[in-house]
Amino acid sequence: MPRQELGDIAAGRLPPAQLAENFADIGPPLDRQAAVIAAQRCYYCYDAPCIKACPTGIDIPSFIRRITTGNLRGAATDILGANIFGGMCSRVCPTEILCEGSCVRNRPEDAPVQIGALQRHATDWVFEDGVRLFERGTDTGQRVAVVGAGPAGLACAHALARAGHQVVVFDAREKSGGLNEYGIAQYKVLDFAAREIAWLLSIGGIEVRHGQALGRNLVLADLRRDFGAVFLAIGLAGVNALGIEGETLAGVRNAVDFIAELRQGANLAQLPVGRRVVVVGGGNTAIDAAVQSKKLGAESVTLAYRRGAASMSATFAEREFAQTNGVNLIEWVQPRRMLGANGTVAAVEFEYTRMDTANRLVGTGETVTIAADLVLKAVGQTLAAPAEAPQIAKGRIVVNVDFQTSLPGVWAGGDCVGTAVDLTVQAVEDGKRAARSIDEALRQRTPEVATNPAVRAIAQPIKA
Ligand SMILES: Cc1cc2nc3c(=O)[nH]c(=O)nc-3n(C[C@H](O)[C@H](O)[C@H](O)COP(=O)(O)OP(=O)(O)OC[C@H]3O[C@@H](n4cnc5c(N)ncnc54)[C@H](O)[C@@H]3O)c2cc1C
Ligand code: SF4
């Protein structure tokens with residue numbers, strides 16, 4: 001049945017001009033003058049806390065100082081040398097809990113330096129002009145397989161190419177980028193993901209093969225046999241179910257699928273959305289699904305979370321953003337069942353929750369019913385690991401400090417490992433560190449490569 005006939009789900013709820021305005025860039029770039037003024041606010045702190053707060057350790061005061069002197073090439077090299085996805089991260093990082101959150105100027109009577117916006121200013125021109133900042137290292141003759149073309153996989157691939165290894169990246173989807181391409185909110189990235197990846201791959205030495213899914217048409221044992229090392233960066237491709245009555249009714253969807261459809265849709269006016277939308281969850285995905293539903297023209301959007309707002313994994317800034325965009329947040333409720341008519345969802349029955357004396361979340365028995373044409377489930381993504389995967393614990397691939405798995409010659413990183421936080425910047429850092437470990441292992445195996453000064457020189461910039 002076409003989706004338009006289910007409940008009140010329809011495309012084109014807003015005129016195209018309004019949709020274009022709603023999905024415009026939420027962080028428009030700083031012009032040269034604004035960037036210099038923003039950069040001059042930096043104190044260039046010794047032992048700068050902002051550097052420590054960045055998972056990729058970008059030398060923030062250094063790149064900011066270069067902006068003030070007009071040295072954008074130096075600034076971009078500082079950033080992209082530490083974080084090859086520095087362009088994407090300038091758009092999507094929750095800076096309020098990372099670099100800007102730790103900036104010494106982040107005080108009630110002051111404001112943090114606009115590190116994210118300055119990072120974007122320093123890097124945007126690199127992608128626009130296709131500037132070459134990094135060269136591929138002298139060919140070592142070593143081949144590495146990377147599974148997953150998201151930020152972890154491609155960061156690893158780029159670092160390995162810089163070290164002179166040949167890399168083949170395999171990805172199940174039709175496009176590279178992982179959640180940069182299929183997940184992150186449209187108004188944060190627009191068409192940037194593809195441009196950034198084209199630039200990243202221009203270093204050479206990296207071949208990407210799409211439609212290759214480990215566990216389906218790609219076998220880990222074959223990769224281990226055919227390549228000197230394997231890096232698994234498969235993210236979290238599964239989704240949690242609610243496990244409640246009515247979950248299979250038409251109009252109940254996974255939020256990640258709704259978002260992927262939106263990111264891939266060429267025409268926002270053709271994207272169907274419910275008149276009344278209920279989103280269940282409390283993380284990035286829930287916030288993005290709720291805000292984007294509202295921006296597509298849903299009349300009412302309710303974000304329902306089972307605990308208090310302070311426990312949500314979405315940051316305060318993201319919650320505030322959702323609320324200022326008209327999303328209604330209801331706390332301390334858990335879905336009990338989906339109510340439907342003619343096989344289509346019509347409402348969600350929630351039970352109120354509270355913490356009991358043993359600090360456990362329990363239902364109070366009281367309920368509230370919220371009408372819904374579209375219900376988006378955003379209760380967590382899960383590892384979809386093939387049977388031959390390395391050791392897994394707590395739903396993630398187990399790795400040591402060097403990102404080595406339980407299988408010799410196999411490394412893993414990014415969301416599928418869950419190092420610290422499930423963020424783009426952390427995935428990039430994982431990929432970078434894994435590349436350094438892989439590079440070391442390959443050089444130990446081939447002494448002629450290890451002693452080649454050209455290769456070693458290239459390998460060094462892969463920072464810890
Ligand atoms: C909706 C949403 C919004 C988000 N918003 C933000 C944000 O604003 N800021 C932020 O910092 N982070 C955000 N995140 C988190 C961030 O996107 C992830 O932490 C990051 O993308 C993880 O990178 P990764 O490379 O580990 O995995 P992914 O980006 O998931 O990439 C994994 C890749 O592996 C491929 N793959 C999966 N299984 C297989 C297989 N079996 N065989 C072959 N290939 C496979 C996939 O197709 C994909 O290309 C968001 C996440 C979601 C879901
Ligand atoms: S903490 Fe703030 S003021 Fe200090 S170096 Fe970092 S950005 Fe500049």
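Just to check your reading of the model, which residue among A82, A75 is buried (at least 24 other Cβ atoms within 10 Å of the Cβ) and in contact with a Lys or Arg (Cβ under 8 Å, 6 or more places away or on another chain)? Working first, answer last.
On the way: A82 fails: buried (at least 24 other Cβ atoms within 10 Å of the Cβ).
Being buried (at least 24 other Cβ atoms within 10 Å of the Cβ) and in contact with a Lys or Arg (Cβ under 8 Å, 6 or more places away or on another chain) holds for just one of A82, A75, which is A75.
Please enumerate the residues belonging to the range 368-392 that are open to solvent by 50 Å² or more (accessible area, probe 1.4 Å) and more than 21 Å from the chain's Cα centre (by Cα).
T369, A387, E388, Q391, I392
Out of R107, R143, which single residue is open to solvent by 20 Å² or more (accessible area, probe 1.4 Å) and in contact with a strand residue (DSSP E or B) (Cβ under 8 Å, 6 or more places away or on another chain)?
Values: R107 fails: in contact with a strand residue (DSSP E or B) (Cβ under 8 Å, 6 or more places away or on another chain).
Matching residue, one of R107, R143: R143.
Checking the conditions here, which among R276, R307 is touching a strand residue (DSSP E or B) at 6+ places or on another chain (Cβ under 8 Å), open to solvent by 10 Å² or more (accessible area, probe 1.4 Å) and under 19 Å from T369 (Cβ atoms)?
Details: R307 fails: under 19 Å from T369 (Cβ atoms).
Result: R276 is the single residue among R276, R307 that is touching a strand residue (DSSP E or B) at 6+ places or on another chain (Cβ under 8 Å), open to solvent by 10 Å² or more (accessible area, probe 1.4 Å) and under 19 Å from T369 (Cβ atoms).
How many residues does the range 157-175 hold that are open to solvent by 20 Å² or more (accessible area, probe 1.4 Å) and not acidic (D, E)?
Residues that pass the stated criteria total 5.
Can you tell me which of A450, A441, A389 is modelled with pLDDT under 95 and over 27 Å from N284 (Cβ atoms)?
Only one candidate qualifies: A450.
Looking for something within 16 Å of ligand 2 (Cβ to nearest atom), among the basic types (K, R), open to solvent by less than 30 Å² (accessible area, probe 1.4 Å) and in contact (Cβ under 8 Å) with a residue 40 or more places away in the chain - is there at least one such residue anywhere in the range 114-124? Show your work before the answer.
First, pick out the residues of the range 114-124 that are within 16 Å of ligand 2 (Cβ to nearest atom): 114-122.
Checking which are among the basic types (K, R) leaves us with 120.
From what's left, open to solvent by less than 30 Å² (accessible area, probe 1.4 Å): 120.
Adding the requirement that they be in contact (Cβ under 8 Å) with a residue 40 or more places away in the chain leaves 120.
Yes, the range 114-124 contains at least one residue that is within 16 Å of ligand 2 (Cβ to nearest atom), among the basic types (K, R), open to solvent by less than 30 Å² (accessible area, probe 1.4 Å) and in contact (Cβ under 8 Å) with a residue 40 or more places away in the chain.
Kindly provide the set of residues from the range 204-244 that are assigned to a strand (DSSP E or B), open to solvent by less than 20 Å² (accessible area, probe 1.4 Å) and over 16 Å from E388 (Cβ atoms), ordered by number. I'd like the intermediate steps shown before the answer.
Residues of the range 204-244 that are assigned to a strand (DSSP E or B), as a first pass: 206-210, 214, 218, 229-232, 238-239.
Filter once more, so that each one left must be open to solvent by less than 20 Å² (accessible area, probe 1.4 Å): 218, 229-232, 238.
Once the filter is applied, which keeps residues that are assigned to a strand (DSSP E or B), open to solvent by less than 20 Å² (accessible area, probe 1.4 Å) and over 16 Å from E388 (Cβ atoms), the range 204-244 yields A229, G238.
What's the number of the only condition in (1) within 16 Å of ligand 2 (Cβ to nearest atom); (2) open to solvent by less than 20 Å² (accessible area, probe 1.4 Å) that G87 fails to meet?
The one condition G87 does not meet is (1).
Can you tell me which residue in the range 17-54 is surrounded by the fewest Cβ atoms within 10 Å (Cβ to Cβ), limited to those that are within 16 Å of ligand 1 (Cβ to nearest atom) and hydrophobic (A, V, I, L, M, F, W, C)?
Residues of the range 17-54 within 16 Å of ligand 1 (Cβ to nearest atom): 23, 25-27, 53-54.
Pick out the ones that are also hydrophobic (A, V, I, L, M, F, W, C) and you get 23, 26, 53-54.
Details: F23: 17, I26: 14, A53: 18, C54: 26.
Residue satisfying both the conditions and the ranking: I26.
Could you tell me whether E100 is closer than 24 Å to R319 by Cβ, charged (D, E, K, R) and within 16 Å of ligand 1 (Cβ to nearest atom)? It would help to see each step written out before you state the result.
Details: closer than 24 Å to R319 by Cβ: yes; charged (D, E, K, R): yes; within 16 Å of ligand 1 (Cβ to nearest atom): yes.
It is true that E100 is closer than 24 Å to R319 by Cβ, charged (D, E, K, R) and within 16 Å of ligand 1 (Cβ to nearest atom).
Going by the conditions given, is L200 over 24 Å from R445 (Cα atoms), more than 15 Å from the chain's Cα centre (by Cα) and either within 7 Å of ligand 1 (Cβ to nearest atom) or at pLDDT below 95 (or both)? I'd like the intermediate steps shown before the answer.
Numbers: over 24 Å from R445 (Cα atoms): yes; more than 15 Å from the chain's Cα centre (by Cα): yes; either within 7 Å of ligand 1 (Cβ to nearest atom) or at pLDDT below 95 (or both): no.
The answer is no for L200.
Among the candidates R336, R275, R354, R307, which residue alone is within 20 Å of E247 (Cβ to Cβ), modelled with pLDDT of 95 or more and charged (D, E, K, R)?
On the way: R275 fails: within 20 Å of E247 (Cβ to Cβ); R354 fails: within 20 Å of E247 (Cβ to Cβ); R307 fails: within 20 Å of E247 (Cβ to Cβ).
The unique qualifying residue is R336.
Working only within the range 393-440, note down all residues that are open to solvent by 20 Å² or more (accessible area, probe 1.4 Å) and among the small types (G, A, S).
Answer for the range 393-440, where residues must be open to solvent by 20 Å² or more (accessible area, probe 1.4 Å) and among the small types (G, A, S): A393, G395, S406, G409, G418, A420.
Got at least one residue in the range 62-79 being under 21 Å from the mean Cα position of the chain (by Cα) and within 16 Å of ligand 1 (Cβ to nearest atom)?
yes
Within the range 252-306, work out how many residues are part of a loop (DSSP other than H, G, I, E, B) and touching a Gly at 6+ places or on another chain (Cβ under 7 Å).
Looking only at that region, the number is 3.
Could you tell me whether any residue of the range 408-416 is part of a loop (DSSP other than H, G, I, E, B), within 30 Å of R13 (Cβ to Cβ), at pLDDT 95 or above and more than 12 Å from ligand 1 (Cβ to nearest atom)?
Restricting attention to the range 408-416, the residues satisfying the condition of being part of a loop (DSSP other than H, G, I, E, B) are 408-409, 413.
Now restrict to residues that are within 30 Å of R13 (Cβ to Cβ): none.
No, the range 408-416 has no match at all.
Report yes if some residue within the range 127-138 is within 15 Å of ligand 2 (Cβ to nearest atom) and part of a helix (DSSP H, G or I); otherwise report no.
From the range 127-138, those within 15 Å of ligand 2 (Cβ to nearest atom) are none; that's our starting set.
Among the residues of the range 127-138, not one is within 15 Å of ligand 2 (Cβ to nearest atom) and part of a helix (DSSP H, G or I), which makes the answer no.
Taking the condition farther than 21 Å from L442 by Cβ, within 10 Å of ligand 1 (Cβ to nearest atom), modelled with pLDDT of 95 or more and of a type in the set (D, E), does E174 pass? Lay out the reasoning, then the answer.
Details: farther than 21 Å from L442 by Cβ: yes; within 10 Å of ligand 1 (Cβ to nearest atom): yes; modelled with pLDDT of 95 or more: yes; of a type in the set (D, E): yes.
Yes.
Within the range 347-367, restricting attention to residues that are open to solvent by 50 Å² or more (accessible area, probe 1.4 Å) and in a loop (DSSP other than H, G, I, E, B), which residue is nearest to D8 (Cα to Cα)?
R360
Suppose we keep only residues that are of a type in the set (D, E, K, R) and over 18 Å from H158 (Cα atoms) within the range 412-434. Which one would you say is nearest to ligand 2 (Cβ to nearest atom)?
Of the range 412-434, the ones of a type in the set (D, E, K, R) are 415, 422, 429-430, 432-433.
Now restrict to residues that are over 18 Å from H158 (Cα atoms): 415, 422.
Working: D415: 28, D422: 25 Å.
Checked the range 412-434; the qualifying residue nearest to ligand 2 (Cβ to nearest atom) is D422.
So that you can scan it fast, the table gives a plain yes or no per residue for (1) in a loop (DSSP other than H, G, I, E, B); (2) in contact with a Phe, Trp or Tyr (Cβ under 8 Å, 6 or more places away or on another chain); (3) of a type in the set (K, R):
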position: A35; (1), (2), (3): no, no, no
position: D47; (1), (2), (3): yes, no, no
position: G74; (1), (2), (3): no, yes, no
position: T77; (1), (2), (3): no, no, no
position: P94; (1), (2), (3): yes, no, no
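The values are calculated or read from the model by the stated rules, or taken from the named source; none is laboratory data. Treat the numbers as computed from the prediction; the structure is a model and nothing was measured. Virtual Cβ from ideal backbone geometry, glycine too; neighbours counted across all protein chains shown. Accessible surface areas use protein heavy atoms only, side chains included; no ligands, DNA or RNA. Shrake-Rupley method; radii C 1.70, N 1.55, O 1.52, S 1.80 Å.
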